[in-house]
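Remarks on the structure that follows.
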Amino acid sequence: MDNDVQLGFETLAIHAGQEPDPVTGAVVPPIYQVSTYKQDGIGGLRGGYEYSRSANPTRTALETCLAEIEAGARGLAFASGLAAEDALIRTVCRPGDHVIIPNDAYGGTYRLFAKVARPWGVAFDPVPLGDVEAVRAAVRPETKLIWVETPTNPLLGIADIAALAAVAHDAGALLAVDNTFASPYLQRPLTLGADVVVHSTTKYLGGHSDVVGGALVAADPETGERLAFHQNAMGAVAGPFDSWLTLRGIKTLGVRMDRHCANAEKVVELLVRHPAVRAVLYPGLPDHPGHDAAAKQMSAFGGMVSFRMQSEEAAVRVCERTELFTLGESLGGVESLIEHPGRMTHASAAGSPLEVPADLVRLSVGIEHADDLLRDLENALS
Ligand SMILES: *Cc1c(COP(=O)(O)O)cnc(C)c1O
């Protein structure tokens, strides 16, 4: 891209890494469904590609685009969000090191730390990240990484990225931010001091519930290079077709997020005044404890809404009664989804310090007509 002009987010999302194909003029990067590349003499690579675990042109297009939309130096695409997380942990940590994670982290992230990283020798402490002093107090000499998720899944907790970046850097640690819920359209952690951004591209970046993928974006080229080494050495890369689907999703991220946010605000209005709902968790609400930090670092409050009913039974009943809100795991697609985190996405955190309330319901508010979504919820709650 032309470095003299600062291109807008939507423009980067459509064009970064995606110049028309030099041979055919195709305006969309082809799916390079190929594992290996002809060499003109040993080591004579035509386009810099030798084997598709190491690099593949469709994945390169996605990785370039990811780096640009997150304002980073290097983007890397993985087979899933958790594969990206695993590569990050193994790049930054060695046995004996320590990590701070959110006390309401995504259940799969918690499981990765508790069942994979800890047996490998990496200790961790779950800490409420909304409390910066609590994070500072949890830092140890061996702390190599502070892991932030904001907003969190499913409790929509908010962490102040800039404040935590300062804590991490004072401690000589890196700050990683799982930016899955906000997406780079609403929040760019690297511009706030974070060192690495983590994504489940399965969610808003892909945006159509048709692909599983993950990404890391590093703020600086050196960290990017270290992560790229592990991406290749561990091998959990995104395939060409998955990369292509994710790239296609990213092109419309801005317009989709605008509608996700607008619809979510209407859903929140309905839930806040509904007598069957005990509490609504949404960072856009002025009484949300993280509202000020969210308003500072996000351009809007996102499409995820959680709420608490009077009981587990009531929560389960709502989940089973909606018709447009499909009962299902995952989030961030164009279609609205509803789920019961305690029994579904976060069942792996049961009995742990990260167990979620049993009366909690999580909505991924889609981009359907708002009136239809409101009617559906109204019916399910009645
Ligand atoms: C889904 C999710 C992940 C894990 O990503 P996968 O693509 O399912 O491996 C990580 N973090 C958050 C916040 C998520 O919602």
Checked the range 157-211 for anything charged (D, E, K, R), within 26 Å of Val365 (Cβ to Cβ) and more than 11 Å from the ligand (Cβ to nearest atom); matches are Asp160, Arg188, Asp210
When restricted to Ala168, Ala233, Ala159, Ala163, the only residue small (Gly, Ala, Ser), assigned to a loop (DSSP other than H, G, I, E, B) and either crowded, with 24+ Cβ neighbours inside 10 Å or not assigned by TED's automatic domain parsing to the domain that holds Arg308 (or both) is Ala159
Looking across the range 256-312 at residues that are closer than 13 Å to Thr150 by Cβ and hydrophobic (A, V, I, L, M, F, W, C), the single one that is surrounded by the fewest Cβ atoms within 10 Å (Cβ to Cβ) is Ala295
For the range 353-365 the number of residues that are within 16 Å of the ligand (Cβ to nearest atom) and part of a loop (DSSP other than H, G, I, E, B) is 3
Flagged in the range 94-108 as surrounded by 22 or more Cβ atoms within 10 Å (Cβ to Cβ) and touching a strand residue (DSSP E or B) at 6+ places or on another chain (Cβ under 7 Å), in numbering order, are Val99, Ile100, Ile101, Pro102, Ala105, Tyr106
Cβ pairs under 7 Å, 6+ apart or interchain, first in the range 313-330 and in the same structural domain as Ala358 (by TED's automatic domain parsing) and of a type in the set (S, T, N, Q), second more than 16 Å from the ligand (Cβ to nearest atom) and assigned to a helix (DSSP H, G or I), ordered by first then second residue, are Thr322/Asp376; Thr322/Leu377; Thr322/Ala380
Subset of the range 212-230, residues buried (at least 24 other Cβ atoms within 10 Å of the Cβ), of a type in the set (A, V, I, L, M) and within 16 Å of the ligand (Cβ to nearest atom), comes to Ala215, Leu216, Val217
Taking the conditions exactly as written (away from the ligand (no atom under 11 Å from the Cβ), among the β-branched types (Val, Ile, Thr), under 19 Å from His199 (Cβ atoms) and modelled with pLDDT of 95 or more), does Ile89 satisfy them or not?
yes
Scanning the range 109-132 for residues that are exposed (fewer than 15 other Cβ atoms within 10 Å of the Cβ) and of a type in the set (Lys, Arg) gives Lys115, Arg118
In the range 28-46, residues that are in a loop (DSSP other than H, G, I, E, B) and either loosely packed, with under 11 Cβ neighbours inside 10 Å or not assigned by TED's automatic domain parsing to the domain that holds Ile69 (or both) total 8
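The values are calculated or read from the model by the stated rules, or taken from the named source; none is laboratory data. As the structure is a computational prediction, the values presented were derived from the model and not from experiment. A quick note on method: Cβ atoms are made from the backbone with ideal geometry, for glycine too, and the neighbour counts reach across all protein chains shown.
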